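The block underneath contains the structure these notes are about, expressed in C-alpha cells.
Every number in this text was worked out from the coordinates using simple rules, so none of it is lab data. Bear in mind the structure is a predicted one, so any value in this text is a computation, not a measurement. For neighbour counting, all protein chains shown are included, and Cβ atoms are generated from backbone atoms with ideal geometry for every residue, glycine included.
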Amino acid sequence: MLLITDATLPDGRRNQRVLIENGRFVAIGPDLPTPEGAEVIDAQGWLLSPPFVDAHFHMDATLSLGLPRLNVSGTLLEGIALWGELKPHLTQEALVERALRYCDWAVAKGLLAIRSHVDVCDPRLLAVEALLHVRERVKSYLDLQLVAFPQDGVLRSPRALDQLKRALDMGVDVVGGIPHFERTSEQGAESVKLLCELAAERGLAVDMHCDESDDPLSRHVETLAFHTQRLGLQGRVTGSHLTSMHSMDNYYVSKLIPLLREAGLHAVANPLINITLQGRHDTYPKRRGMTRVPELMAAGINVGFGHDCVMDPWYPMGSGDMLEVAQMGLHVAQMTSLDGMRACFDAVTVNNARVLGLADYGLEVGKAADCVLLQARSPIEAIRLRANRLWVMRRGQVIARSPAATAVLQLPGRPAAVDWTSSQAEAASPPA
C-alpha cells in the first residue's frame, strides 16, 4: 500500500492525498488517513499527472538519423525516399535495439503509452516482426499499440495490401493508410474505402495519415469521415496530420469540420513535424503547417498531439518529451489563453488516451496507478518549463526518477537558489 501526500492535480486541486493498493488508485482526497504500514511519498506540492501518451509515432524509423544519409531538402517526400533507401539494409536486431532505446527515453520522460505506425511495404515485414517483439518486451511498463502502415501507398506499392493483412494476422492492432500518397486522388479515395472496410470486417480501429500536404485540394479526410459513418466506425477512426486544412478556404472548412464531428473522428496533429516539413515550397507569406487545432477543439472533436518522429529521415531532433510537443503546439496554434494552454496539456495526456482507447487510464479511483510527478505547480507551468519528471510510476511502482532541477547563484544581494516556478497567471484565474 502506498500513500502520496501533498499532491497538486491537473484540475487545480491542491494538498491532495492519493492512496494506491494492488497497483490501482483506491482513494483520492485531501483528508485521507495514513493506513498502518503504508509507504508514504511526499509530493511536496508538485503536479501529479496521468502519464503522457503519444498518439502518433514511427518507432521503426526512430534513431536512424543519418542512415544512409541526411534529408537535405527537409521535405516529407525526400524523407519517404530516404526511408525507401534504408529499408533494404534494415536488420531486425538494429530495429529492436533502437526501439528499445527509445522506449527507455520515453519512460524516463513519463511517456507510458505510444501508438506507433510500422511500415508494411517491405515484403520481409522485418519492422513488423521487430516491433511485435518490442511490444512484448516492454508490455510490463509501456503500452505499445501498432498500426499497419503502408508507407508507399496500399494501392501504389505492389503487394502492400496482402502484406498489410499479413501484419494484422501477426497481431498488429490498427489499420493504417496514406491516401494522399497514392498515384491519383481517385486511388486515394479508393484506398480509404478499402481500408475502412477491412477494419470493419476485422473489428479494428483505423488511423490514417490523411492529407499531410500543403495542397488545399487534398481532401481525403472528407472521404474518411463518410466511410466512418457508412460502416459504423464512429469513435474508432483517427485522421492524423490533416495539414492540408491549413491551406483550405474557410467556406470549405465550415462544411468539413461538422462532417468530422458527426463521424466521431479523432484528429491528431504533430506540431514538431508539421511546422518543420510543411510550407517548404513557400517563400512568403509562409504557411504554419499545422492543422486547425483550435477550431477542431471548439467543434467538440477530440484532438491529440503526436511526436511523430525522433532523429529519423524526417526530423533530426527530439527526445521523447511530450511537453516539448505540447509547447510547440501551443505556439504554432497560438493557444495562449489559459483554456488554450490547458488544452495543449490535455492533448498529450487525456485526449491521446481517448485516441488509443485506453480504458484503464487516468487519475481516478479504480484506474491503474500510472502517473508522473512533475516539478511544476500546474499544467501550464509544466509546459512552460518542460518540467522535470521527478518520478514516473507504473501500476503503483516507481520505475524512473530524476533529480530536481536546481541552480545556485553566486551573486551579491540575490537569493542563492533559483526558483523557476511561478503560477501568477493561473492564480488570477483559477480553473472552475
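How many nm separate the modelled label positions at residue 185 and residue 38, each set 7 Å beyond the Cα in the direction of the Cβ?
6.1 nm
Can you show me the helix-derived [θ] at 222 nm for the chain, built from DSSP H runs with n ≥ 4 at -39,500 (n - 2.57) apiece and divided by the number of residues, rounded to the nearest 500.
The per-residue figure over the chain is -10000 deg cm²/dmol.
Within region 1-79, report the GluC sites (Glu not before Pro) that DSSP leaves as loop and that have at most 14 other Cβ atoms within 10 Å.
When the GluC sites (Glu not before Pro) of region 1-79 are filtered for loop state and at most 14 Cβ neighbours within 10 Å, 36 remain.
Could you tell me the calculated FRET efficiency between residue 408 and residue 338, based on Cβ-Cβ distance and R0 = 30 angstrom, to the nearest 0.05?
0.40
Mind ordering 350-360, 182-192, 238-248 by average Cβ neighbours within 10 Å, highest first?
238-248, 350-360, 182-192
Expressed as a rounded percentage, what relative contact order does region 52-356 have, with Cα pairs under 8 Å and six or more residues apart?
RCO, region 52-356: 21 percent.
Along the positive direction of the dipole of the chain (beta-carbon charges: Lys, Arg +1; Asp, Glu -1; about the Cα centre), which of 315, 146, 413 reaches farthest?
Of the candidates, 413 comes out farthest on the positive side.
Give the shape of region 262-383 as rounded, prolate or oblate, defined through the alpha-carbon gyration tensor: a ≥ b ≥ c are the square roots of its eigenvalues, a/c under 1.5 means rounded, and otherwise the shape is prolate if a/b is larger than b/c and oblate if not.
Prolate, because a/c is 1.5 or more and a/b exceeds b/c.
Given a Förster radius of 25 Å and the C-beta distance between residue 359 and residue 139 as r, what FRET efficiency does 1/(1 + (r/R0)^6) yield to the nearest 0.05?
0.95
If packing is taken as the average number of other Cβ atoms within 10 Å across a peptide's residues, how do 166-178, 392-404, 85-97 rank, most packed first?
Ranked by mean Cβ neighbours within 10 Å, highest first: 166-178, 392-404, 85-97.
Between residue 319 and residue 129, what length in nm is gained on full extension when 0.36 nm per residue of separation is reduced by their alpha carbon distance?
66.0 nm
To the nearest 20 Debye, how big is the dipole of the chain about its Cα centre, given +1 on the beta carbon of each Lys and Arg and -1 on that of each Asp and Glu?
320 debye
Looking at the square roots a ≥ b ≥ c of the eigenvalues of the Cα gyration tensor of region 57-173, which shape do they give, rounded for a/c under 1.5, prolate if a/b is larger than b/c, or oblate?
oblate
Considering only DSSP beta bridges with both partners in the chain, what is the antiparallel share in %, to the nearest 5?
Close to 40 percent.
Run the numbers for residue 85 and residue 215: contour at 0.36 nm per residue of separation, minus the present Cα-Cα distance, in nm.
The residue 85-residue 215 span can extend by a further 44.2 nm.
For the residue pair residue 201 and residue 395, what label-to-label distance in nm results when each label sits 7 Å from Cα along the Cα-to-beta-carbon direction?
3.6 nm
Could you give the length gained on full extension between residue 230 and residue 101, defined as 0.36 nm per residue of separation minus the Cα-Cα distance, in nm?
42.3 nm
Here are several values of Rg and Dmax of the Cα atoms in Å: (i) 20.5, 61; (ii) 22.5, 80; (iii) 21.9, 72. Which one was derived from the coordinates shown?
It is the value labelled (iii).
Let a ≥ b ≥ c be the square roots of the eigenvalues of the Cα gyration tensor of region 1-73; is it rounded (a/c under 1.5), or, if not, prolate (a/b larger than b/c) or oblate?
prolate
Given a Förster radius of 30 Å and the C-beta distance between residue 331 and residue 299 as r, what FRET efficiency does 1/(1 + (r/R0)^6) yield to the nearest 0.05?
0.85
Sort 280-289, 106-115, 194-203, 217-226 by packing, meaning the average of other beta carbons within 10 Å per residue, with the highest value first.
Highest mean packing first, the order is 106-115, 217-226, 194-203, 280-289.
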